[in-house]
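The values are calculated or read from the model by the stated rules, or taken from the named source; none is laboratory data. Source: prediction; values computed, not measured. Glycine gets a Cβ as well: all are built from the backbone with ideal geometry, and neighbour counts include every protein chain shown. The protein model used for the area step is the full one, side chains on, heavy atoms only, and it has no ligands, DNA or RNA in it. Shrake-Rupley method; radii C 1.70, N 1.55, O 1.52, S 1.80 Å.
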Amino acid sequence: MIKETEENFVKKFIRKDKRDRVLFELCSVKKCGNAVQRIFYELDEKYSIISDNRTDDEMFFKAAYKFINKNDSCYVIADCNDDGKILPIKTACANMAQTAGVYYIICDNKVVLAKEEVCYGAPCKKLLFREN
């Protein structure tokens with residue numbers, strides 16, 4: 001876990017009324033799993049470019065690549081082995097498409113790709129962009 005990256009993510013993309021709680025839970029060994037699961041529903045929708053379950057992975061990543069460089073690296077928060085890792089964006093996107101759990105890709109603290117846990121049907125995906 002890179003604490004500074006996660007703090008910046010929370011401060012920029014989580015709704016203001018939920019930030020303190022999410023930060024507390026992300027830093028807690030016991031509560032971190034809960035935070036990772038709930039973050040998807042705490043994201044600030046005013047930065048959302050895509051937010052639906054109808055967009056297939058190919059179209060979703062194609063839209064995301066308009067805001068990020070495919071050759072850069074990113075930070076991942078997830079409920080799998082990728083959690084807390086810095087990965088090439090292409091690898092993170094491929095892993096996001098393959099995993100059934102929640103997955104967040106944070107690129108330069110400007111772009112977030114988020115996918116909720118698969119329960120029934122296609123998972124909802126969100127693409128968030130914030131310039132400053």
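Please list, ordered by chain and number, the residues whose modelled amide H lies under 5 Å from the amide H of Ile14; skip anything fewer than 5 residues away on the same chain.
Counting only residues 5 or more places away or on other chains, the set is Asp44.
Rounded to the nearest percent, how much of the accessible area of the chain (1.4 Å probe, protein heavy atoms only) is carbon and sulfur? Write down the numbers at each step before the final one.
Working: 3460 of 7240 Å².
Its accessible area is 48 percent carbon and sulfur atoms.
Sort 52-64, 113-125, 91-103 by packing, meaning the average of other beta carbons within 10 Å per residue, with the highest value first. Could you put the intermediate results ahead of the total?
Working: 52-64: 14.5, 113-125: 16.6, 91-103: 18.4.
Top to bottom by mean Cβ count within 10 Å: 91-103, 113-125, 52-64.
Could you report the chain's accessible area per residue, 1.4 Å probe, as an integer in Å²? Mind dumping the intermediate values first?
Working: 7240 Å² over 132 residues.
It amounts to 55 Å² per residue over the chain.
Sticking to Cα atoms, compute the Rg of segment 43-98 to one decimal and its Dmax as the biggest Cα-Cα distance, whole number, in Å.
Cα only, segment 43-98: 11.8, 30 Å (Rg, Dmax).
How would Phe67, Phe129 line up by accessible area, probe 1.4 Å, largest first?
Working: Phe67 80, Phe129 60 Å².
Sorted descending by solvent-accessible area, the residues read Phe67, Phe129.
What size of dipole, in debye to the nearest 20, comes out for segment 40-116 about its Cα centre when the only charges are +1 on Lys and Arg C-beta atoms and -1 on Asp and Glu C-beta atoms? Walk me through the intermediate numbers first.
On the way: 9 positive and 13 negative charges, 71 e Å.
In total the dipole reaches around 340 debye.
Go ahead and estimate [θ] at 222 nm for the chain from helices alone: -39,500 (n - 2.57) per DSSP H run with n ≥ 4, summed, over the residue count, rounded to 500. Before the final figure, lay out the partial values.
Working: 5 runs with 49 residues, N = 132.
So the helix-based figure for the chain works out to -11000 deg cm²/dmol.
If R0 is 25 Å, what FRET efficiency do you get for Lys30 and Ser73 from their C-beta distance, rounded to 0.05? Display every interim value, and only then the final one.
Details: r = 30 Å, r/R0 = 1.18.
FRET efficiency, Lys30 to Ser73: 0.25.
Give the ranking of Glu7, Glu42 by solvent-accessible surface, highest area first, calculated with a 1.4 Å probe. Working shown, then result.
Values: Glu7 55, Glu42 15 Å².
Final ranking, largest accessible area leading: Glu7, Glu42.
Would you check the accessible area of Lys11, probe 1.4 Å, heavy atoms only, in square angstrom rounded to 10?
110
Find the percent of Cα-Cα distances in the chain that exceed 26 Å, and round it to a whole number. Spell out each step's value before the answer.
Working: 1018 of 8646 pairs.
Considering the chain, 12 percent of its Cα-Cα pairs are separated by more than 26 Å.
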